[in-house]
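Visitor: Here you go, one structure.
The values are calculated or read from the model by the stated rules, or taken from the named source; none is laboratory data. All of these numbers come straight from a predicted model, not from anything done at the bench. Glycine gets a Cβ as well: all are built from the backbone with ideal geometry, and neighbour counts include every protein chain shown.
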Amino acid sequence: MNEASNTTLVSGVRRLIAFSTSVIVPKAILDGLEIPAYNFHPGPPTYPGSHAASFALYDGVEHFGATAHVMEEKVDCGPIVAAEWFVVPEKARFLDLEIKTYELLLKIFADLVPHLATSDNPLPAIDAQWSGTKHTNAEFEAVKELKPDMDEAEINLRFRAFG
């Protein structure tokens, strides 16, 4: 985080942008900023937390997406400033969904970066709310574990979703 303390906008105000990171920014750093920090999350508002694409595939969703939001002390709970969706390709595997998600996340970033790079004004929140289960790394690791009583369909689904 030391590099972040040396980065400022032309106006001299510091801007923190997180792009698909597992780093949880401490409250003290967020509170020390004069303007909102933003996170670009590789999942839609219905999939907060870690490994969104894997859990979405496991759940069999038909639509998935990416989200940009204000960073707050708790992960993936701040006001949403952008969210876009796409149709999940039939029989998509984890890597397929991740690639589509990151392409969309880069598009959202490209759409917002002119404002973020030149303005101290906050981005307006959109009419979208976080929902769904906020999954953790521990849950991801646990669900990857195969059990002797699992049927072939469950094993194949877990392999497709979690690798």
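Visitor: Out of ALA128, ALA92, which single residue is outside any helix (DSSP H, G or I), in contact (Cβ under 8 Å) with a residue 12 or more places away in the chain and in contact with a strand residue (DSSP E or B) (Cβ under 7 Å, 6 or more places away or on another chain)?
Guide: ALA128
Visitor: Cβ-Cβ below 8 Å, separation at least six or inter-chain, first residue in the range 145-159 and over 18 Å from PHE55 (Cα atoms) and polar (S, T, N, Q), second at pLDDT 95 or above and exposed (fewer than 13 other Cβ atoms within 10 Å of the Cβ): which pairs?
Guide: From the range 145-159, no pairs qualify.
Visitor: Sticking with this structure for a sec: Applying the selection to the range 51-76, what residues are touching a strand residue (DSSP E or B) at 6+ places or on another chain (Cβ under 8 Å), in a loop (DSSP other than H, G, I, E, B) and surrounded by 15 or more Cβ atoms within 10 Å (Cβ to Cβ)? Reasoning before the result, please.
Guide: Residues of the range 51-76 touching a strand residue (DSSP E or B) at 6+ places or on another chain (Cβ under 8 Å): 51-53, 55-56, 62-71, 75-76.
In the following step, the residues that additionally are in a loop (DSSP other than H, G, I, E, B) were identified as 51, 62, 71, 75-76.
Once the filter is applied, which keeps residues that are touching a strand residue (DSSP E or B) at 6+ places or on another chain (Cβ under 8 Å), in a loop (DSSP other than H, G, I, E, B) and surrounded by 15 or more Cβ atoms within 10 Å (Cβ to Cβ), the range 51-76 yields HIS51, MET71, VAL75, ASP76.
Visitor: Another question about this same structure. In the range 108-125, how many residues are in contact with a strand residue (DSSP E or B) (Cβ under 8 Å, 6 or more places away or on another chain), touching a residue at least 40 places away in the same chain (Cβ under 8 Å) and not aromatic (Phe, Trp, Tyr)?
Guide: Kept after step one, since they are in contact with a strand residue (DSSP E or B) (Cβ under 8 Å, 6 or more places away or on another chain), are these residues of the range 108-125: 108-109, 111-112, 116, 122-125.
Among the residues that remain, those that are also touching a residue at least 40 places away in the same chain (Cβ under 8 Å) are: 108-109, 112, 116, 122-125.
Add one more test, that the residue is not aromatic (Phe, Trp, Tyr), and what stays is 108, 112, 116, 122-125.
Residues meeting the conditions: 7.
Visitor: Among the residues of the range 132-157, count how many are within 21 Å of the chain's Cα centre (by Cα) and surrounded by 11 or more Cβ atoms within 10 Å (Cβ to Cβ).
Guide: Going through the range 132-157 one residue at a time, the tally reaches 11.
Visitor: Given the conditions (1) over 24 Å from PRO44 (Cα atoms); (2) outside any loop (DSSP other than H, G, I, E, B), which single one is not true for GLU141?
Guide: All conditions are met except number (1).
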